[in-house]
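This report concerns only the one structure given below.
Quick note: the coordinates plus some simple rules give every number you see, no bench work behind them. Small disclaimer: the values here were computed from a predicted structure and weren't measured. Cβ: placed from backbone, ideal geometry, glycine included. Neighbour counts: every protein chain shown.
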Amino acid sequence: MSSGFGNEFASEDSRCPGSLPEGQNNPQVCPYGLYAEQLSGSAFTCPRSTNKRSWLYRILPSVRHKPFTPMSCGDLTESWNEVEPDPNQLLWKPFNIPKSSEKKVDFISGLHTVCGAGDSKSRNGIAIHMFTCNTSMIDKCFQNADGDFLIVPQQGEILITTEFGKMMVEPNEICVIQQGMRFSVDVFRETRGYILEVFGVHFELPDLGPIGANGLANPRDFQTPVAWYEDRTVATGYTIVNKYQGKLFSCQQDFSPFNVVAWHGNYTPYKYNLENFMVLNCVAFDHADPSIFTVLTAKSTRPGVAIADFVIFPPRWGVANHTFRPPYYHSKSVLIHTSIMQQKCYFIHKAKLGNSYESYRC
């Protein structure tokens, strides 16, 4: 794994030394006869500070597949108008994980949309999903054309194979698979987790302001996979599932899409261990605002306002004097979704179920 957030990375599989072209992106003939493709995460004309793209050098072109056809979306949706709004606090019990002895469920078929706002067609909004699965994706991959997935495993580790390489993501870690990246999920037991999806923007590190140059989630602790490829023919057909405008489509091809021998760029998947989060807290009196616990943010077009913030409340010392111990109630025009990732949580009432899920307007 390589470390850093938003860096210009370069990686090639050690089995093919010299596979990364030098001095240019698109030579007339790539090393090893590879195909050069650019994966864009922004418009070509975006300022350098927000321009996202990577060059991939693969054995076969990614467009060599049969046409996409609609498929069942299961419990995945973004038709928010089909459900009446409810201003009450809502609590979900832990989602049941199907027993592998009863039914095989992989990552895609185990997706369940919980809530959301906005819409992928206008490139503005979010969706929150759960995933429950008990089997790996065999000769199948997923591609989200709508937005970025922030994946939070809650039970069971997951091995994510991407076009950029592999990532093992365990509970108390998160990973981000950005728009347009193909990936496959392997599981080793019954597995459950959460997904925060954002449309039209990418996750960023929050600005630190008076905190200074260091603190919260430090860039060096983010990890990006290194190049890995498989040159594998799949005679029975390899399935690519594409999420497009909130619907699922599938197509077939006769080879593995994870055939990228080398790549370079700043548009990559990445993961982060939440134990590395540098917590800040009040040391005199009162409570600091919960924004100081922001790991990643997806900014909106309004300055200082996010489409979504991913926030954690990790173990920390609370030493404030003459201060009511639980954090204060705050009334604000946002929707908050909380979950207990670990069983010990001092400010949650003991009747609340571990690994449950709560949504409320405040």
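Points worth noting:
- Amide H contacts of residue 254 (H built 1.01 Å from N, in plane; Pro and chain starts excluded): 238 sit under 5 Å, all sequence-distant by 5 or more or on other chains.
- Nonlocal amide H pairs with residue 194, under 5 Å, H built at 1.01 Å: 131, 152, 154
- Here the 3J(HN,Hα) profile of the stretch 133-142, calculated from phi with Karplus coefficients 6.51, -1.76 and 1.60 at θ = phi - 60°, is 8, 9, 9, 7, 7, 9, 6, 8, 9, 10 Hz, Gly and Pro shown as x.
- Within the chain, longest stretch free of exposed trypsin sites (Lys or Arg not before Pro) [DSSP loop, at most 16 other beta carbons within 10 Å]: 233-315
- Annotation for the stretch 219-312: chymotrypsin sites (Phe, Trp or Tyr not before Pro) lying in DSSP loop with at most 16 further Cβ atoms inside 10 Å of their Cβ are 285.
- Its Cα gyration tensor gives the chain an equivalent ellipsoid. The semi-axes, each the square root of 5 times an eigenvalue, are 36, 25, 19 Å from largest down.
- Contact order relative to length of the stretch 2-275, as percent, for alpha carbon pairs under 8 angstrom and 6 or more apart: 27 percent
- Karplus-derived HN-Hα couplings along the stretch 54-71 (A = 6.51, B = -1.76, C = 1.60, θ = phi - 60°), whole Hz, x at Gly and Pro: 9, 9, 10, 10, 10, 6, 10, x, 6, 8, 7, 8, 6, x, 6, 10, x, 9
- Rounded, prolate or oblate (a/c below 1.5 giving rounded, otherwise prolate when a/b exceeds b/c) for the stretch 115-261 by Cα gyration tensor: prolate
- Cα gyration tensor shape of the stretch 125-177, rounded if a/c is under 1.5, else prolate or oblate by comparing a/b with b/c: rounded
- Vicinal HN-Hα couplings computed from phi for the stretch 40-50 (Karplus, 6.51 cos²θ - 1.76 cosθ + 1.60; Hz; Gly/Pro x): 9, x, 7, 5, 4, 8, 4, x, 3, 5, 10
- Loop-resident GluC sites (Glu not before Pro) (DSSP state other than H, G, I, E or B) in the stretch 75-174 with no more than 11 further Cβ atoms inside 10 Å of their Cβ: 102.
- Cut-off 16 Å, label 7 Å out along Cα→Cβ of residue 82, residues of the stretch 236-269 by amide N: 244-249
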